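Some notes on the structure that comes next.
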Amino acid sequence: MHGRPRRPAKPEDEEAASAKAAKLRDLQAQVLHNHHARTYTKEAIGLSFKLLEINPEAYTAWNYRKLAFQHNVKELSDPEAIKSAVDDELRVVEVALRQNPKSYGAWYHRKWLLSQKLAPVDFKREFGLLDKLLKMDARNFHGWNYRRFLARFMGVPDEEELKYTMDKISDNFSNYSAWHNRSILLSNLLIQQSKGFESKQKIFSEEFELVTQALFTDPSDQSGWFYHLWLLAQTSSPDNPQLIASWPSNAAKGSAPLIKEKVEQHTLSSIWSRTVPIVLYFNDPVKGLNQSSVNLKSDLEFSDDIQWRPLTMADSGYSNCWATYLQITNECSGLQEYSVEVSIPCSDDIVSRSGSNYNCPVHFTFNIQLISNDAAQGLDMFHKPVAWNCSESFQSHGNRDPIPFDLLNITSALVEQDSNWHFERLSEEIDLFRELPDDNSKFGKLTLARLLLACAAVKSRGRSLIERKGYCEEALGLFTDLIHLDPSHKQYYEDERSLVLMDKLTCDMETFMKHCSVQLQPNSAPLNHVQLCRLSLTRIGFVERLLWVQMLDLSHNSLRSVEGLEALQHLVFLNISNNQISSFTALEPLTKIISLKVLDLSFNKIGAHSIDTTRYICSSPFSHKIEASEAFEEYQKVNINVEEYWDTILFFRSLKLAQLDIKGNEVASKENFRSLVVTLIPCLKWFDGEGVN
């Protein structure tokens, strides 16, 4: 750790380690026995001290001491005796910290003791202990975390603590923990509008100058670069969450998606149940969308119980993308059009992770066309398999680029707020970093790329997206250089390059239209088609500009994940063949797309590895969900090997596909795989080009 080389163990070291391990096992057994027996005698507590003296990471011993302390202190009434008991525990912590200054259990125990407020706290002693510790290791984040705890506990003003971080940075600007603590303190002071911190522009200008001095003094040190990255994020992002895209967008026209089920039939008209997704996309992850924070008004007939759902794989409740699904039950005897109004007023309910409220009201209207019963009856879009390579199944509808511009425009609520200062500040930083000696500094190139993209974001705020194009082109060159300069982080740079490429392609409508067309599928309205093939994409980004897409071709790239596609709630056809997808868990976002009917996974790497760890380390593995156990029990009853196919089961049972192509993957050659998929997707009509009985 921290550059210390490993040395081979000597025979005497191995003997000492064995003896220490034996002693530890004996002590652990005795402490566990006392813990279970609730024995809190002086001798029993002494054994826990001996254990922690050797191994401060024995969490059970710390928990035992908490229970013992609470039990014994109840019997004390004399304040001096209570203070003595607290001091004894604090000394135990100090002994443990001498053994391991980064012991989580020891630091937590000390904070817990002081939080009990059983005796006056000797702050001089506590800060003295911290000073000694930080002189030994100025970057010990446990010590800095404890200092923040003490400062809050004692009521030390953030301004004083900010001066302390400056002292530590002046001693050694490589002190990452001091820079980190500075970012926390500055955030608090700016949010509270403390005296001297009213002007965000003034404060960040000074901070940019401070960190730039550190960076130019030693460009190879990482600490300043991370602080500069934090400053960059504060400068290029709006203070409050804002809606940047929606679909349907303002003035858009669309038809209800595929008919789900027939509810009732009369002689002259029918009532059909249709599902119309409404998607809202914010610049930052937010929570709190509900019926009161988002108002819907329409002459369509749908349930009053509108539920907004976060389209994210995590369970935090925060998401950039939110959707609701209108279950429409209007009577319809002909082609009819209905308007839907969406209003999002300023709301205390909608909150970002930083605690900022939504304060940019938006109102937009779109139209929905409902198909009559006569037109809808008997429609079958999938009476033959869909082909992707210019076959008879698809034909261009009219010319190459018939999609109107208002269809492609996003609904933007972004306003120019201090944009001029942000742009000028970032431009100055770009000029500075271009002067940095070109000694192939990966930090310099990476920061310059980030500055360019931040500048693009600020300059295009409230203006045309085409303002971003030049910045994207330069950033692409820098990420290409970084891939060769720093191969150990190749995947990260490839992902960043993919995001910039997606930005460049979709910010310029003239360029983007070369990738767009309208495809005509039999028995269907024309489909909005986007083709992004053979671009070496490893990651998908800027999906807020693709919410209107119904047919997407991402084949022949290097995608390892499809995260982001869950926002495309109107997507019906998806081709991600010939990529680097290695497991079904990497495809979990697709389970949230209710309209998906055709999926091509051919020639990926699903099942190629006998032990595929990505099945278990995805952001939200299927197996962690409560409903998973119910599904497994259901399929075990019909003799399906759940242990081998658990991710297959949980992925495909969530889809309602009409066509699936999965040839060219190792998993497709497994015995009974085809029959398993057909069982999991009862509505499947075509499997690898063959009809399903």
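Structure notes:
- Candidate set from region 470-488 (those that are touching a residue at least 40 places away in the same chain (Cβ under 8 Å) and assigned to a helix (DSSP H, G or I)); member that is nearest to the chain's Cα centre (by Cα): Leu482
- Ser194 vs. criteria of a type in the set (Ser, Thr, Tyr) and within 31 Å of the chain's Cα centre (by Cα): no
- Within region 530-575, the set of residues being more than 18 Å from the chain's Cα centre (by Cα), among the aromatic types (Phe, Trp, Tyr) and under 18 Å from Ile244 (Cβ atoms) comprises just one member, Trp548.
- Verdict on Gln336 being closer than 19 Å to Ser595 by Cα, open to solvent by 40 Å² or more (accessible area, probe 1.4 Å) and among the polar types (S, T, N, Q): no
- Residues located in region 233-251, provided they are surrounded by fewer than 20 Cβ atoms within 10 Å (Cβ to Cβ) and assigned to a helix (DSSP H, G or I): Ala233, Gln234
- Scanning region 594-608 for residues that are in contact with a helix residue (DSSP H, G or I) (Cβ under 8 Å, 6 or more places away or on another chain) and open to solvent by less than 10 Å² (accessible area, probe 1.4 Å) returns Leu596, Leu599, Leu601, Ile606.
- Applying the criterion of being at pLDDT 85 or above and not in a helix (DSSP H, G or I) to the residues of region 630-659, the residue that is most open to solvent (accessible area, probe 1.4 Å) is Lys656.
Conditions (1) β-branched (Val, Ile, Thr); (2) open to solvent by 10 Å² or more (accessible area, probe 1.4 Å), marked per residue:
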site: Leu546; (1), (2): no, no
site: His556; (1), (2): no, yes
site: Arg560; (1), (2): no, yes
site: Glu563; (1), (2): no, yes
site: Ala567; (1), (2): no, no
site: Leu571; (1), (2): no, no
site: Gln580; (1), (2): no, yes
site: Thr585; (1), (2): yes, no
site: Pro589; (1), (2): no, no
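- Whether a residue is within 28 Å of the chain's Cα centre (by Cα) and either over 30 Å from Ser220 (Cβ atoms) or hydroxyl-bearing (Ser, Thr, Tyr) (or both) was assessed, and Ser174 does not pass this test.
- Cβ pairs under 7 Å, 6+ apart, first in region 172-193 and farther than 18 Å from Phe141 by Cβ, second of a type in the set (A, V, I, L, M, F, W, C) and not in a helix (DSSP H, G or I): Leu189/Phe197; Leu190/Phe197
- No other residue among Ser170, Ser177, Ser187, Ser183 is polar (S, T, N, Q) and under 25 Å from Arg98 (Cα atoms) apart from Ser177.
- Taken over region 469-506, the criterion of being surrounded by 21 or more Cβ atoms within 10 Å (Cβ to Cβ) and among the hydroxyl-bearing types (Ser, Thr, Tyr) is satisfied by Tyr471, Tyr493, Ser498, Thr506.
- Filter result (open to solvent by less than 60 Å² (accessible area, probe 1.4 Å) and not acidic (Asp, Glu)) within region 660-680: Leu660, Ile662, Gly664, Asn665, Val667, Ala668, Phe673, Leu676, Val677, Val678, Leu680
- For region 302-333, taking the residues that are part of a loop (DSSP other than H, G, I, E, B) and polar (S, T, N, Q), the one that is least open to solvent (accessible area, probe 1.4 Å) is identified as Asn330.
- Options Leu499, Leu505: the member that is closer than 20 Å to Val543 by Cα, out of contact with any helix residue (DSSP H, G or I) (no Cβ under 7 Å at 6 or more places or on another chain) and at pLDDT 90 or above: Leu499
- Filtered residue count, region 32-45, keeping only those that are assigned to a helix (DSSP H, G or I) and under 46 Å from the mean Cα position of the chain (by Cα): 7
The values are calculated or read from the model by the stated rules, or taken from the named source; none is laboratory data. Everything numeric here is computed off the predicted structure, so don't read it as measured data. Please note: Cβ atoms are built from the backbone with ideal geometry, for glycine as well, and neighbour counts cover all protein chains shown. These area figures cover heavy atoms from the full protein model, side chains too; ligands, DNA and RNA do not enter into them. Shrake-Rupley method; radii C 1.70, N 1.55, O 1.52, S 1.80 Å.
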